[in-house]
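One structure below.
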Amino acid sequence: MTRKALRITAEEAAALVQPGMWLDYGVILGQPDAFDTALAARIRAGDVSRVKIRSCISARARAVLEADPDGRHVMWHSTHFGGYDRRKSDQGIAHYLPVNLGEVPDYYRRFIDPVDIAVLKVAPMEDGGWFNFGPSTLWLQALTERAKVVVVEECAAMPRVRGPGTAIHASQVDFVIPGDGQPLPELPKAPVSEVDRAVARLIAAEIEDGACLQIGIGGMPNAVCSLLAESGIHDLGIHTEMLTDGIVDLYRAGKITGARKQMDVGKMVATFALGSQYLYDFLDDNPEVEFHPVDHTNLPHSIMRNDNVASINNTTQIDLQGQAASESDGFRHISGTGGQLQFVRGAYASKGGKSFICLASTYEKKGERRSRIVPALTRGNVVTTPRTDAMYVVTEYGMVCLKGRTVPERAKLLIGIAHPDFREELEREAHAAGLIPKAYW
């Protein structure tokens, strides 16, 4: 179907919204701002209600939610929480949609009802009538295929990226609105602690020349990048979900060439980016970086096509059988499954591949130090990586491989990398629970 791509104001676009509609705000850097503000004005005025909005990782506050603090008129759904989404969830007005991120394009095509209006922030139209999505590719192609109405909000600050599925043509767009001139939201680099460095040293020692990296977010992955940048390693490849400042640092240190990849040779491949302006400037029209739909980056049968994949992700709690809970604190949802499980599985299936689940051995809560390695997960905690998928688990006290290990062996290995102050208690509880039987030797 050919559409008209009419230029209208944000207020005129917001006037299209009717009670009971499903809207989609796209993802991360692609969430609209001018439209959001205009729709918030209608909500404050009582002009529209019962609007349902779907999105992923809000990198800044959403005007529609600030206009409706009680959640009476707007229902927010997110496939992955950022800090803002988490705060709104704590208030009962944002709701998590459980997904493996790499499957989401298929959800739009098979399971999610067609979206009434999709509103996406894009780079200004280029010659030929193309609007670039910028570094937030993910499932936008599938979303726009299924949306009844497509609105794009032009943003001069949006970097243009290369790769399949990174742009939409004017013939597929109903309305174009001007942006509000804001810069893109930035995510500061997470500080690196001594614990992060200790974990990173253990992981970096396992990374070989030519390895293909997937690196998650946080201090520990940042520390791995820093150590690899200072090492003698060569010819690293990147096939990841998220591109970060740390990966750019690693590239500028001359460690990334992609020459030994079997798929997308010579290219750094990702499906989204979030970081500082330093990162966004690096990505703008960079021929060495390709963004792809998330089913290309995240599905295990795609990940495994590269050899020697090294997948590095954080968790917040792991039990003595190897179940990793990375997205909740009891019944309180804090982030999302994201691509963790799919990269764990894809790395394992890769020839020579390794997956690393890393965590600090302890954390502070209400002034009390607690162990992240526990006999049983906190009640309500969601298992992100099952025990059957766990491979390498790393704390500042060591690294263990759980593949091929019995339940008692797993318990002993994990106790061995727990904080020394908790090991005796963990062993006692493991025996009491029968995880380590008395007769086991």
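Observations on the structure shown:
- Residue selected from region 68-90 under the condition surrounded by fewer than 18 Cβ atoms within 10 Å (Cβ to Cβ) and out of contact with any strand residue (DSSP E or B) (no Cβ under 9 Å at 6 or more places or on another chain), by the criterion nearest to residue 19 (Cα to Cα): 72
- Note on region 44-67: among residues that are hydrophobic (A, V, I, L, M, F, W, C) and surrounded by fewer than 23 Cβ atoms within 10 Å (Cβ to Cβ), the one that is farthest from residue 166 (Cα to Cα) is 45.
- If you go through region 327-346 and keep only what is out of contact with any Cys (no Cβ under 9 Å at 6 or more places or on another chain), within 21 Å of residue 271 (Cα to Cα) and of a type in the set (Gly, Ala, Ser), you end up with 335, 338, 339, 346.
- Of the residues making up region 209-232, those that are assigned to a loop (DSSP other than H, G, I, E, B) and at pLDDT 95 or above number 3.
- Condition broken by residue 437, with the remaining ones in (1) surrounded by fewer than 18 Cβ atoms within 10 Å (Cβ to Cβ); (2) farther than 23 Å from residue 331 by Cβ; (3) in the same structural domain as residue 202 (by TED's automatic domain parsing) satisfied: (3)
- Scanning region 395-415 for residues that are surrounded by 16 or more Cβ atoms within 10 Å (Cβ to Cβ) and assigned to a helix (DSSP H, G or I) yields 407, 408, 410, 411, 412, 413, 414, 415.
- Some residue of region 349-359 being surrounded by 14 or more Cβ atoms within 10 Å (Cβ to Cβ) and more than 23 Å from residue 209 (Cβ to Cβ): yes
- Filter result for residue 124 (in a loop (DSSP other than H, G, I, E, B), outside the structural domain of residue 271 (by TED's automatic domain parsing), touching a Pro at 6+ places or on another chain (Cβ under 8 Å) and modelled with pLDDT of 95 or more): no
- Taken over region 356-372, the criterion of being modelled with pLDDT under 95 and in a loop (DSSP other than H, G, I, E, B) is satisfied by 366, 367.
- With respect to being in contact (Cβ under 8 Å) with a residue 40 or more places away in the chain, closer than 30 Å to residue 385 by Cβ and either touching a Cys at 6+ places or on another chain (Cβ under 9 Å) or of a type in the set (Val, Ile, Thr) (or both), residue 149 falls outside the description.
- Residues satisfying the stated conditions in region 130-169, i.e. of a type in the set (Ser, Thr, Tyr), outside any loop (DSSP other than H, G, I, E, B) and surrounded by 24 or more Cβ atoms within 10 Å (Cβ to Cβ): 136
- Residue 111 vs. criteria surrounded by 16 or more Cβ atoms within 10 Å (Cβ to Cβ), over 21 Å from the mean Cα position of the chain (by Cα) and not assigned by TED's automatic domain parsing to the domain that holds residue 344: no
- Elements of the type helices (runs of 4 or more DSSP H) sitting completely within region 257-346 and holding at least 1 residues that are farther than 16 Å from residue 164 by Cα and at pLDDT 95 or above: these cover 277-283, 300-303.
- The set of residues from region 402-426 being over 31 Å from the mean Cα position of the chain (by Cα), farther than 15 Å from residue 317 by Cα and not hydroxyl-bearing (Ser, Thr, Tyr) comprises 408, 409, 412, 420, 421, 423, 424, 425.
The values are calculated or read from the model by the stated rules, or taken from the named source; none is laboratory data. Keep in mind the model is a prediction, meaning the values are calculated, not measured. Neighbour counts are summed over all protein chains in view; Cβ atoms, including those assigned to glycine, are modelled from backbone coordinates with ideal geometry.
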